[in-house]
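Following: one structure in structure tokens, then a few remarks.
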Amino acid sequence: MRFALDLVEPHVRPVRHRTGPVLAGAGLEATRVPHPQPWRLPMQEVADLVHVSFLDLAKVVTAHACGLRRTGLDELLFGPDCIQQSIDALTYAMHDRQIRREMYVLGGGRSEEGELLAAQWRSVRGRLRDAERLLKEQRVADLTAAGILPFPTATSDPRRLARMWLGRYLPDEKEALVRGFAAEAGVAPSATVHIRSIPEKIKRCIDNGWLVAPLTDAVEQLLELDRRAFRQRLMVDAGRNDTRDDALCHPLLLNRWRDQLNEVLADIAPSAENSHTRHLHDLTLTGTARSAAQLERLHGRRRLFAALLQRRSECIRLITTLNDAMSLAERRDPSYEVLKRAGARAYDELVRRHPALYQLIRARLAPYETGPGRLEITGSRARLRDQIFDELDCLSTSSRPGC
């Protein structure tokens, strides 16, 4: 959810929207005018405002980055409920200050204004980096508390590795064994479906109730769009910070959204005079003075490029959050430990059923054993595993040419 607002508690006071002018004409819609100085409002009103208005949030985080201090503001902007939105707003503000400074400098504007924008850019960028570090620390703490981090190192036990590789060599048989053992323990079939792709994992989490992501009509329509129509949809979204296309944030669309954002950024980079798509580089370092018409065209392309960079950063954060949420949900489900035990039993059964295949793997690992129960594989494990699998193919099909 983007800028979700709980309308029960603690937001018991109604948000007072400032309406825009009434516009006559078909297809025209009035939008709320951002507050000129939202950080000066009472804190309760600031809290209400930043949860529903991106542009007001951008103003508040910019003022905070440039020195504004108010009791409770740090927690409001960078607490668990708002830190991702504040990072997004800081990204927008950083790009805004950079592009405005570029237009001043390339247009021969006053140096004082350019220096002020440069100082604001440095302050916002510094606060953005601090917020990103804080978000990473929070993420690591959550995953560590759940036992997901630190990730286990590659096993150095030859018996364990041989069992794992045998299971990988016989995936269908292993999966059937796991399902059978899990069913005996009372695990629902939906929890034992083998996952071969990210969409399958997301659908399983939705089916199991681990992830609440309903397939609304808007999401269904996006899923059916062809490449060109989807690209047009994300381009429109990039130009609207306060009224975004939230259907793009559905878990089943995030990877496609990121991939097409990367494509669009690569296509637009030359006209935005950006030599890469990693970030917005500073045109004032090598740029020359431009005419008013040239600056106007360049300004539009730079704004679009910056908006797409901002959306890509948001999309990547959402993907990371989604992956963490699915891992945490799987780990907390009662079936998790049961499935682990079912997997261990499946490996044991594979060794019992295929002793020759298991012994071949053990024999090929033997040269890398440095002691009892200890391996030290030099080079690529994946390459060694592929070589062993080729030998297993020959053993299973002795009539195969070349074996």
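A few remarks follow.
- Size of electric dipole in region 265-403: Cβ of Lys, Arg +1 and of Asp, Glu -1, about Cα centre, debye, nearest 20: 200 debye
- Estimated dipole of the chain in Debye, rounded to 20 [Cβ of Lys and Arg +1, of Asp and Glu -1, Cα centre]: 740 debye
- Here the translational diffusion coefficient of region 303-360 follows from Stokes-Einstein with Rh set to the Kirkwood radius across Cα pairs; for 25 °C and 0.890 mPa s it amounts to 161 µm²/s.
- In the chain, taking the dipole from charged Cβ atoms about the Cα centre, the farthest positive-side position among 254, 389, 73 is held by 389.
- Calculated on the Cα set of region 232-288, radius of gyration then Dmax: 13.8, 44 Å.
- Positive-pole candidate from 47, 328, 104, dipole of the chain, charges at beta carbon: 104
- Sum of -39500 (n - 2.57) over DSSP H runs of 4+, divided by residues of the chain (222 nm, nearest 500): -20000 deg cm²/dmol
- Nearest-20 debye value, region 110-210 charge dipole, Cβ charges on Lys, Arg, Asp, Glu: 220 debye
- Range of Cα positions in region 119-179 per principal axis (Å), largest first: 62, 25, 21
- Lysines whose Cα lies under 17 Å from that of residue 340, excluding same-chain neighbours fewer than 8 positions away: 174
- Nearest-ten-degree value, helix 54-65 long axis tilted from longest Cα axis of the chain: 90 degrees
- Between helix 227-238 and the chain there is an angle of about 50 degrees, using the helix long axis and the longest principal axis of the Cα atoms.
- Dipole axis of the chain (+1 Lys, Arg; -1 Asp, Glu on Cβ), positive-most option in 380, 213, 295: 380
- Region 33-81: trypsin sites (Lys or Arg not before Pro) in DSSP loop, at most 13 other beta carbons within 10 Å: 69
- On the beta carbon distance between residue 353 and residue 148, with R0 = 45 Å, the FRET formula returns roughly 0.90.
- Viscosity 0.890 mPa s, temperature 25 °C, Stokes-Einstein D of region 161-246 from Kirkwood C-alpha radius, µm²/s: 149 µm²/s
- Virtual paramagnetic centre 7 Å along Cα→Cβ of residue 141, amide N under 16 Å, in region 64-88: 74-84
- Across the chain, Cα pairs under 8 Å and at least six residues apart give a relative contact order of 19 percent.
- Considering region 256-364, its Cα convex hull presents a mean projected area of 12.7 nm².
- Region 337-386: GluC sites (Glu not before Pro) in DSSP coil with no more than 11 other Cβ atoms inside 10 Å: 376
- Within region 48-67: backbone nitrogen closer than 14 Å to the residue 242 label point (7 Å, Cα to C-beta): 49-60
- Against the main long axis of the alpha-carbon atoms of the chain, helix 171-184 sits at an angle near 90°.
- Look at where the Cα atoms of region 159-236 and of region 36-106 average out, and the two centres are 38 Å apart.
No value in this document is a laboratory result; all are computed from the given coordinates. Quantities reported herein were computed from a predicted structural model and do not represent experimental measurements. Heads up, the Cβs are rebuilt from the backbone with ideal geometry, glycines too, and the neighbour counts pull from every protein chain shown.
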